[in-house]
Amino acid sequence: MGLWYHVAEPNSYLVITGAGIEKVLIKKKAFVYPFQKVSKISITPFDFSMALQAMTVEKLKFSLPAVFTIGPADNLEALEKYAVLLTGESDGRPTAAASKGAVAVAAGRNHVQDIVKGIIEGETRSIVSTMTMEELFRERKVFKDKVIQQVQSELDQFGLCIYNANVKELQDTPGSEYFAFLSRKAHEGALNQAKVDVADARMRGEVGEAEKQGKTKQEVAKIHAATAVLETERKGEKATADAKLTDKEIQIEKELNLARINAKRESERRDAELNTEVEKKRAAMELERLRATTVTQAKIARESAQQKADAELYSQERKADGKKFSEQADAEAAAFRRLKDAEADFKAKEREAEANFLVTKRAAEAAYFKKEREAHAALIAHQKEAEGMSAMAKAYGEMANVLGGPQGLMQYLMLQNNTYEKLANANATAIKGLQPKINVWNTGAQGDMADPSAPIRNLFQSLPPLLSTIHDQTGMQPPSWLAQMPPQDQVALKNKMVDGTIGRI
C-alpha cells in the first residue's frame with residue numbers, strides 16, 4: 001500500500017472511493033491514498049440497432065427499425081449517477097481487471113444496453129399506442145421528438161444522454177401487407193395525378209405564353225417611357241452639374257490667388273524678420289567692439305601710469321642712497337621704463353588683435369546667418385510656388401476631364417482671359433487708319449440688245465474709270481497706246497459721267 005498518482009485517458013474519468021470520500025469522487029487526475037480504490041469509466045458514446053414491434057391505436061402492427069447513439073453525459077452529476085448505478089457487472093461484482101487490482105477502463109456494457117433497450121421499447125410503445133398510422137406517416141418528426149424526449153427523461157436518472165436517434169422507414173410485420181398496399185395505392189394515384197398535371201400544365205403554358213407576350217409589349221412601352229423621363233432628368237442633372245462645376249472652378253481660382261498672395265506676403269515678412277535679426281547682431285557686435293577698445297585703452301593707461309609712478313619712486317629712493325649709484329640708477333630706470341613700455345605695447349597689440357579677430361568672426365557669422373536665412377526663405381518661396389503650380393495643374397486636369405479634353409480647357413481659358421476680345425482688338429488695330437477707295441460704275445445697258453456693237457461699246461466705256469481707279473490706288477499709269485484719247489473725247493466722257501451714264505462713287 002502506498003501513494004499513487006493516476007491520470008485518466010481523454011475519453012475517460014477516474015472514479016475514487018474509500019477513506020475520506022463520502023460517496024464517489026470523479027476526477028481526471030488525482031493522488032490515490034491508502035485505503036482508497038480507483039477505477040475508470042469511459043464516456044465514449046455507443047450505438048445499437050433495434051427493430052421495435054409496436055401497434056397503433058387502430059390495432060395495426062408494424063416494425064419500427066431505429067438506431068440510437070447513447071453515452072454518459074459529460075458533467076459531474078451525471079457521471080456520479082453513471083458510476084454508482086451502471087459500472088461493474090450486472091450482479092454488482094467488480095470487473096475482472098478491477099478484481100485483480102488493475103486500473104483499466106471498464107469494457108462490459110451489455111447490461112447497460114439491455115437497460116437502455118428496455119426503456120426505449122417501453123416509451124416507444126406507449127407513444128405509438130396513442131397515434132394512428134396516418135399520424136405516424138404525416139408527423140414523423142413529431143413522433144421522433146416525442147420518443148427522444150420521453151426516453152431522455154428516463155435516462156437522466158442513470159446519467160446517460162441521447163446523442164442521436166435515427167428512426168428508419170416503417171415496415172410490415174410477417175404476414176401483413178399493409179404498407180405494400182399503401183405504396184401501390186400511392187403509386188397509382190400519383191400516376192393518374194401526373195396525367196392530369198400534364199394536361200393542366202399544357203393549358204397553363206399556352207395561356208401563360210399569351211399573357212407573357214402581352215406583358216412583354218406592355219413592359220417595353222413602359223421602359224421606353226421611363227427611358228425618356230430618365231433622359232430628361234439626366235439633362236437637368238447635367239445642367240446642374242455644369243453650374244456646380246463653374247462655381248467650383250471660380251472657387252479654385254480664388255483659392256489659388258489667395259494662396260499666391262499669402263505665400264508672397266509670408267516670404268516678405270520672413271525677409272523683413274531676417275533683416276531685423278541681422279541688424280541686431282551687427283549692432284551688438286559693434287557695441288562689443290567699442291567696449292573692448294575702450295576697456296583696453298583704459299587698462300593700458302592705468303598700467304602705464306602705475307609703472308611710471310613706480311619708476312619715479314624707485315628713482316627717488318636710489319637718489320637718496322647717494323650720488324655713487326645715480327648713474328646706475330638712471331640707467332636701470334631707463335631700461336625698466338623701456339621694458340614696461342614694450343610690455344604695454346605688446347599687450348595693447350595683443351588686445352587689438354583679439355578684438356579684430358572677434359569682429360571678423362562676428363561679421364563672418366552674421367554673413368553666414370544672413371546667407372542661410374536668405375537660402376531658406378528662397379527655398380520656402382519656391383516650395384510654395386511649386387505647391388501652387390501643382391494644385392493649379394491638378395485643378396486644370398480635372399477641368400479638362402469635365403470639359404471634354406485639352407481642347408475644351410483651352411477654349412474655356414481663352415474665354416476666361418478674354419483672348420477672343422484681344423484678337424479682335426488686335427485685328428481692328430491692324431487695319432486702323434486705312435482708307436480704301438471703292439468705285440462703282442455703270443455701262444448704261446438698258447436691256448435692249450438690238451445693237452450688235454453694244455458689248456464692244458460697253459467694254460470700252462468701262463476702261464476709263466477702271467484705269468483711273470488703278471492709277472488712284474496704285475499710282476500706275478496705263479500705256480500711252482491704250483489710254484490716250486483726244487481732248488474732245490475726254491470732255492465728252494466727263495460730261496457723260498456727270499449726266500449719270502457713267503457713275504463713280
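At a glance:
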{"item": "Reachable lysines, given that their alpha-carbon falls under 29 Å from the alpha-carbon of Lys28 and they are not under 8 places away in the same chain", "result": "Lys37, Lys40, Lys81, Lys100"}
{"item": "Candidate aspartates and glutamates for bridging to Lys349, where Cα separation is under 13 Å - those fewer than 8 sequence places away on the same chain excluded", "result": "Asp341"}
{"item": "R0 of 22 Å, Cβ-Cβ distance Arg269-Tyr368: FRET efficiency to nearest 0.05", "result": "0.50"}
{"item": "In sequence order, calculated HN-Hα J values of region 387-396 (Karplus, 6.51, -1.76, 1.60; Hz; x Gly/Pro)", "result": "4, x, 5, 5, 5, 5, 5, 5, 5, 5"}
{"item": "Convex hull per residue volume in Å³, alpha carbons only, for region 176-294", "result": "233"}
{"item": "Residues whose placed amide H lies under 5 Å from that of Tyr163, excluding near-sequence neighbours", "result": "Thr69, Ile70, Gly71"}
{"item": "Extension gain from Ile456 to Val359, taking 0.36 nm per residue of separation minus the Cα-Cα distance", "result": "24.3 nm"}
{"item": "Amide H contacts under 5 Å for Ser12, placed H, 5+ residues apart", "result": "Ile43"}
{"item": "For region 1-42: accessible area per residue (Å², 1.4 Å)", "result": "67"}
{"item": "Accessible area (Å², 1.4 Å probe, nearest 10) - Thr474", "result": "90"}
{"item": "Whole-number D in µm²/s for region 1-42 (Stokes-Einstein; Kirkwood sum over Cα pairs; 37 °C, 0.692 mPa s)", "result": "318"}
{"item": "Segment Glu154-Val229, extension gain: residue separation times 0.36 nm, minus the distance between their alpha carbons", "result": "19.7 nm"}
{"item": "Distance violations [Cα-Cα > 28 Å] among Lys212/Lys238; Lys347/Lys370; Lys59/Lys117; Lys264/Lys370; Lys144/Lys185; Lys146/Lys195", "result": "Lys212/Lys238; Lys347/Lys370; Lys146/Lys195"}
{"item": "Derived scalar couplings ³J(HN,Hα) [region 258-265; Karplus, 6.51 cos²θ - 1.76 cosθ + 1.60; whole Hz; x for Gly, Pro]", "result": "4, 5, 5, 4, 4, 5, 5, 5"}
{"item": "Per-residue HN-Hα couplings for region 75-80 [Karplus 6.51, -1.76, 1.60; θ = phi - 60°; Hz; x = Gly/Pro]", "result": "8, 4, 4, 5, 5, 5"}
{"item": "Whole-percent carbon and sulfur share, accessible surface of region 1-42, 1.4 Å", "result": "61"}
{"item": "Mean accessible surface per residue for region 212-333, computed with a 1.4 Å probe while every protein chain stays in place, in Å²", "result": "81"}
{"item": "Apportionment of accessible area to carbon and sulfur, region 158-281, percent (1.4 Å)", "result": "57"}
{"item": "Across Lys61/Lys168; Lys384/Lys422; Lys299/Lys340, pairs whose alpha-carbon gap is larger than 20 Å", "result": "Lys384/Lys422"}
{"item": "Convex hull per residue volume in Å³, alpha carbons only, for region 241-337", "result": "72"}
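The values are calculated or read from the model by the stated rules, or taken from the named source; none is laboratory data. Just so it is clear, the structure is predicted and the values come from calculations on it, not from any experiment. Note that each Cβ is placed from the backbone with ideal geometry, even for glycine, and that neighbours are counted across all protein chains shown. Accessible surface is based on the protein model in full, side chains and every heavy atom, while ligands, DNA and RNA are left aside. Shrake-Rupley method; radii C 1.70, N 1.55, O 1.52, S 1.80 Å.
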